[in-house]
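J.: Pasting a structure below so you can have a look.
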Amino acid sequence: MSRIELLRLHRIDMPLVRPFRTSFGEQRARDVLLVEVVTDAGTSGWGECVAMEWPGYSYEYVDGAVDVLAEHLIPTVLQDRECHPVAAHDRMSRLMGHPMAKASLETAILDAWLREQGRSLGDYLGAVKDAVDCGVSVGIPSSIDALLAEVGSYIDAGYRRIKLKIEPGWDVEAVRAVRETWPDIPLQTDANQAYTRNDADVLAAMDPYDLLLVEQPLPEDDLLGHAQLAQRLETPVCLDESILSVATADSAIAFGATSVINIKPGRVGGYLEAKAIHDLCAERGVPVWCGGMLETGIGRAANVALAALPGFALPGDTSASSRYYAVDVTPPFVLDDGRLRVPTGPGIGVDPIPELLAEFTTWSAVIPAR
Ligand code: NPG
């Protein structure tokens, strides 16, 4: 078993091909933290931290992730330098919160560990497909015309499902316009917690448009509100932000607060917990799909491997690299007939291109293991 020799944190600034607006704010570039673990055998493993620049989606944010990694998570993992994902997971579980920061470090260790065995992440997790169906998330644009043009371009590119970001004032009309233009396209919405328990009427007004699901309409701590809404709506309620662990998933299912779950490895603390949630949902007969957080090729590679597990019954937000980035830091993921191929190389199966990594880097730090 190899040991951790050092870690590198790389902060990169990635311009987006178009602004991405959601109910919690607008992004024009992605401020991404990459964690690199280097073993004493000289292997590098990579993990991407999905925290955003500001605490808009969850309480985590990039500066906070850098701090908790450098001051707490990395020192805790390095108490014993063993490069093993389960050992790292167990050590980090003694510290509260910060799932996105934990996931990035755990994934880097998992990647290095798998690379040294010559085993792919998909194989380790139990992938059963060699390619996954892809959907795309459409931000809130300036007008209905702009919305239809953007959705049309994604349908032409081959995406197999469209997700519309909604918020109060940008909901029924947008859904109607897309549904009338494309009567058969699999369609769903995502509110990112923007509604209240008093908004059941407007949410029910979208029932006639044959939506696959409505994602996270209410605040993340309101499981009862989601359960009441699920009774009221024909459209299935899907939780994202509320699902932080196997226990929250189990509770939300038992309470009737969700009948579909969006699994994002960053939100739940990594791929081990993500797989455990997948397994629980499979036992409960609850379909899951893989969310996205504007990942570079590093995070995208690992998400595509996860999305190849058997319970991932719906297309994920596993879009092509070009949906977000003109130039990615890895070789790009390219859509082929609405699908992405699951990487088969050791670990996550992709590496950053050194020159591009250097070009995008705004800050980096080396943390020796001893
Ligand atoms: O395709 O990577 C993607 C983005 C999909 O809409 C998407 N992500 O709420 O699910 C979300 C949203 C998000 C993006 C959340 C970035 C937080 C950060």
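The values are calculated or read from the model by the stated rules, or taken from the named source; none is laboratory data. Because the structure is predicted, anything quoted here is derived from the model rather than measured. Backbone-built Cβ (ideal geometry, glycine too); neighbour counts: all protein chains shown. Surface accessibility is based on the protein's heavy atoms, side chains included, excluding ligands, DNA and RNA. Shrake-Rupley method; radii C 1.70, N 1.55, O 1.52, S 1.80 Å.
J.: Give the carbon-plus-sulfur fraction of the accessible surface of the stretch 122-341 in %, rounded to a whole number; probe 1.4 Å, heavy atoms of protein chains only.
T.: 51 percent
J.: Enumerate the calculated ³J(HN,Hα) couplings along the stretch 96-108 in order (Karplus 6.51 cos²θ - 1.76 cosθ + 1.60, θ = phi - 60°), each rounded to whole Hz, writing x wherever the residue is Gly or Pro.
T.: 7, x, 6, x, 5, 5, 4, 4, 5, 6, 4, 5, 4
J.: Given the alpha-carbon gyration tensor of the stretch 122-341, what are the semi-axes of its equivalent ellipsoid in whole angstrom, ordered largest first, with each equal to the square root of 5 times an eigenvalue? Before the final figure, lay out the partial values.
T.: Values: eigenvalues 127, 111, 38 Å².
Sorted largest first and rounded, they come to 25, 24, 14 Å.
J.: Give me the accessible area per residue for the chain, probe 1.4 Å, as a whole number in Å².
T.: Working: 14020 Å² over 370 residues.
Ligands and nucleic acids excluded, the figure is 38 Å² per residue.
J.: Using only the alpha-carbon atoms, what does the stretch 43-110 span along each of its principal axes? Please give whole angstrom values in decreasing order.
T.: On the principal axes, the stretch 43-110 reaches 35, 24, 16 Å in Cα extent.
J.: Of PRO99, PRO217, PRO287, which has the largest mean-square fluctuation in a 10 Å C-alpha GNM of the chain?
T.: Judging by the Gaussian network model, the answer is PRO287.
J.: Now for a different question. Out of all DSSP beta bridges with both ends in the chain, state the antiparallel percent to the nearest 5. Spell out each step's value before the answer.
T.: Details: 33 of 54 bridges.
The antiparallel proportion sits near 60 percent.
J.: Using only Cα atoms, locate the centre of the stretch 117-142 and the centre of the stretch 313-370, then give the distance between them in Å, rounded to an integer.
T.: 12 Å
J.: Determine, for each peptide in 322-332, 255-265, 73-83, 15-25, the mean count of other beta carbons within 10 angstrom over its residues, then list the peptides with the highest first.
T.: 255-265, 322-332, 73-83, 15-25
J.: Using Cα pairs closer than 8 Å and at least 6 residues apart in sequence, work out the relative contact order for the stretch 122-341, in percent.
T.: Details: 414 pairs, mean separation 51.7, N = 220.
Relative contact order, the stretch 122-341: 23 percent.
J.: Same structure, new question: Taking only DSSP H segments of four or more residues, each worth -39500 (n - 2.57), what value at 222 nm results for the chain once the sum is divided by all its residues, to the nearest 500 deg cm²/dmol? Don't skip to the answer; put the middle values down first.
T.: Values: 14 runs with 126 residues, N = 370.
Value at 222 nm, helices only, nearest 500: -9500 deg cm²/dmol.
J.: Let me ask something additional. Carbon-plus-sulfur fraction of the accessible area of the stretch 57-110, 1.4 Å probe, in percent? Write out the running numbers ahead of the final one.
T.: On the way: 1100 of 2070 Å².
Answer for the stretch 57-110: carbon and sulfur cover 53 percent of the accessible area.
J.: Evaluate Rg over Rh across the stretch 1-67, taking Cα atoms for both radii and Kirkwood's formula for Rh. Numbers along the way, then the final one.
T.: Values: Rg = 14.9 Å, Rh = 13.5 Å.
Radius of gyration over Kirkwood radius for the stretch 1-67 works out to 1.10.
J.: Would you kindly compute the Cα radius of gyration of the chain and its largest Cα-Cα separation (Dmax), both in Å?
T.: According to the Cα coordinates of the chain, Rg and Dmax are 19.8, 62 Å.
J.: Quick one: compute the contact order of the stretch 271-370, relative version, from alpha carbon pairs under 8 angstrom and 6+ residues apart, as a percent. If you can, show how the numbers build up before the last one.
T.: Values: 109 pairs, mean separation 26.0, N = 100.
Relative contact order, the stretch 271-370: 26 percent.
J.: ASP145: accessible area at probe 1.4 Å, nearest 10 Å²?
T.: Result for ASP145: roughly 120 Å² accessible.
J.: Lys pairs in the stretch 122-341, Cα-Cα under 22 Å, at least 8 apart or on separate chains: how many? Intermediate values should be presented prior to the final figure.
T.: Numbers: LYS129/LYS264; LYS129/LYS275; LYS163/LYS264; LYS165/LYS264; LYS264/LYS275.
Taking the Cα cut-off of 22 Å, the pair count is 5.
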